[in-house]
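One structure, as structure tokens, below. Some questions next.
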Amino acid sequence: PPLRFSFSDEQEEFRRVVRRFLADRSPPGEVRRLMETPEGFDRDVWAQLSSELGLPGVQVPEEYGGQGLTRAHQRVFDEETGGYQMPVLLNVPTFGIIGATLLDFGSEEQKQRYLPPMLKGDEVWVQFLSEPTGGSDLASVMTRATPTPEGDAFLLTGSKIWSSGAYAADYA
């Protein structure tokens, strides 16, 4: 049998708020695209989502610009946005990979600097892993970053073949 989840009154209220926000931006009968544009996503709508609802950082601690809510709140958000085409550029590499890595392994300074702009949609990130000899296999990466003599930048040596969403990203 399918798993059944029950949510608290607070989580159900959160669901109603998210549902209203989405409905106001995707009229009935139209393609349920939220924030998608030919360039990747609509930063203005993302900014509204962030400023009005404090999303998408449902589980991100408040000190980094998130909501600091529970996994159940995240599940509610995921359920409500499931029928919408959310901006892949933000969800997959920016939050799902880079933001999550920063939360787990970043310094306090890095979290304070990078997470709030990611959540606001001010900065879009992609990962540069794919190489001619190993695709996206991180263990086979041959590109290296060597600090410059001044120590304020890195010299990259190696070859990349593509990176999804790089055309619309601010950082990699």
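The values are calculated or read from the model by the stated rules, or taken from the named source; none is laboratory data. All values reported here derive from a predicted model rather than from experimental measurement. Reconstructed Cβ throughout: ideal geometry from the backbone, glycine too, with neighbour counts over all protein chains shown. SASA here: full protein model, heavy atoms, side chains in, ligands and nucleic acids out. Shrake-Rupley method; radii C 1.70, N 1.55, O 1.52, S 1.80 Å.
Does the stretch 114-126 hold any residues that are touching a Ser or Thr at 6+ places or on another chain (Cβ under 8 Å) and open to solvent by 70 Å² or more (accessible area, probe 1.4 Å), and which are they?
K120
Could you tell me which numbered condition D24 fails, if it satisfies all but one of (1) at pLDDT 75 or above; (2) under 27 Å from S164 (Cβ atoms); (3) exposed (fewer than 11 other Cβ atoms within 10 Å of the Cβ)?
(2)
So, E39, is that one open to solvent by 40 Å² or more (accessible area, probe 1.4 Å) and at pLDDT 65 or above or not?
On the way: open to solvent by 40 Å² or more (accessible area, probe 1.4 Å): yes; at pLDDT 65 or above: no.
Judged against the criteria, E39 is not a match.
Could I ask something else about it? Within the stretch 68-90, count every residue that is under 24 Å from E109 (Cα atoms), more than 14 Å from the chain's Cα centre (by Cα) and at pLDDT below 90.
The total comes to 0.
Here is a follow-up. I'm checking my understanding of the structure. Among residues of the stretch 129-145 that are in a strand (DSSP E or B) and open to solvent by less than 70 Å² (accessible area, probe 1.4 Å), which one is nearest to Y114 (Cα to Cα)?
A145
Read through the list (1) more than 20 Å from the chain's Cα centre (by Cα); (2) at pLDDT 85 or above, then give the number of the only condition that E30 fails.
Result: E30 passes all but (2).
Hey, D78 hits all of (1) touching a Gly at 6+ places or on another chain (Cβ under 6 Å); (2) under 24 Å from Q48 (Cβ atoms) but one; which does it fall short on?
(1)
Do you know which of the residues in the stretch 99-121 that are assigned to a loop (DSSP other than H, G, I, E, B) and in contact with a Phe, Trp or Tyr (Cβ under 9 Å, 6 or more places away or on another chain) is farthest from L156 (Cα to Cα)?
Going through the stretch 99-121, the residues assigned to a loop (DSSP other than H, G, I, E, B) turn out to be 106-107, 121.
Remaining after also requiring in contact with a Phe, Trp or Tyr (Cβ under 9 Å, 6 or more places away or on another chain): 106, 121.
Working: G106: 21, G121: 27 Å.
Among them, the one singled out is G121.
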